[in-house]
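For reference, the structure is listed below as structure tokens.
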Amino acid sequence: MKTSVIDANIIIRFLLHDHPSLSSLAKSIFLKAEQGKIKLYFDEVVIAEVVWTLSSCYKIKKADLVDRMEKLLSQDWVVNSKKNIIHKALLLYASSNLDYIDCWVYIVSKSQGMTLKTFDKKLKKLSLTT
């Protein structure tokens, strides 16, 4: 089965349904995936861009944003070998005052058994307490 890499704008248009033609095109891509015709690869950088854009530009609340992303990422037709790490980063993001990218770096460091070095005070505090 063919796998397509998905750009952040396609995910955003699909989630927001805010642009008549682009949202419709995005929906058709996701429909193909739901029908088992293709798989969609969600890169970690693209996910970070989606989270940043939805939270910063569209002011979507963390809980709603994480819920939407979790629903998408839980689909069998969404491909990424790091889904478990993405899931943990999203959960930490929802329950903390950290930015998503800080949550991502923290979870990656923990999952790899590495020490996290940072100048970020909130992230450093989290790293010292766990």
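Each reported figure results from applying straightforward, stated rules to the coordinates on display, with no laboratory input. From a predicted model like this one, the values you see are computed outputs, not experimental measurements. Cβ atoms come from the backbone with ideal geometry, glycine included; neighbour counts cover every protein chain shown.
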| query | Which value, in debye to the nearest 20, gives the size of the charge dipole of the chain about its Cα centre, when Lys and Arg are +1 and Asp and Glu are -1 at the Cβ? | reply | 240
| Using a basic spin-label model with each label point 7 Å from the Cα along Cα→Cβ, how many nm lie between Asn84 and Val108? | 1.8
| task | With unit charges on the beta carbon (Lys/Arg positive, Asp/Glu negative), name the residue among Val5, Val46, Ile85 whose Cα is farthest towards the positive pole of the charge dipole of the chain. | result | Ile85
| Debye, to nearest 20: dipole size of the range 54-116, +1 on Lys, Arg Cβ, -1 on Asp, Glu Cβ | 20
| In Hz, Karplus ³J(HN,Hα) per residue of the range 62-77 (6.51, -1.76, 1.60; θ = phi - 60°; x = Gly, Pro) | 3, 4, 5, 4, 5, 4, 4, 5, 4, 4, 5, 5, 7, 6, 4, 7
| Under 5 Å, built H, 5+ apart or other chain: amide partners of Lys39 | Lys2, Thr3, Ser4
| field | Degrees between helix 83-95 axis and first principal axis of the chain (Cα, 0 to 90, nearest 10) | value | 70
| query | Between exposed trypsin sites (Lys or Arg not before Pro) in the chain, where DSSP calls loop and at most 10 other Cβ atoms lie within 10 Å, what's the longest gap? | reply | 1-58
| task | Specify which labelled value, from (1) 22; (2) 36; (3) 27, agrees with percent of Cα pairs over 27 Å apart derived from the coordinates of the model shown. | result | (1)
